[in-house]
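All remarks here apply to the structure that follows.
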Amino acid sequence: MIKLFSSIAMAGLMTVALSGTSQAQERTMRRVTSGEPAKLQGAMTQAQARRVCQQQMAGSRESKSALRTKMKFCINEQMQGR
């Protein structure tokens, strides 16, 4: 009789423990997914980004390699919507 009660109690405790961890995981997933979504608004095509970056760089007096590096960075930023 005591074995029966102890096994029922043990099963109940295991159920409570498992449900507690699943609730914690659910809360964690809610926190993770509640952040702001990836930015795609304002993202441009490569041609659009190149045009915008060329307008921004117009008139700058830097070496060709420096301008090329800045253009690559600018184009990547514009294409990602930053």
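The values are calculated or read from the model by the stated rules, or taken from the named source; none is laboratory data. Bear in mind the structure is a predicted one, so any value in this text is a computation, not a measurement. What goes into the accessible areas is simple: the full protein's heavy atoms, side chains included, and nothing from ligands, DNA or RNA. Shrake-Rupley method; radii C 1.70, N 1.55, O 1.52, S 1.80 Å.
For the reader, a short list of remarks on this structure follows.
- Accessible surface ranking that places the most exposed of ARG30, ARG50 first, with a 1.4 angstrom probe: ARG30, ARG50
- Heavy atoms of ILE75 accessible to a 1.4 Å probe, total area in Å² rounded to 10: 20
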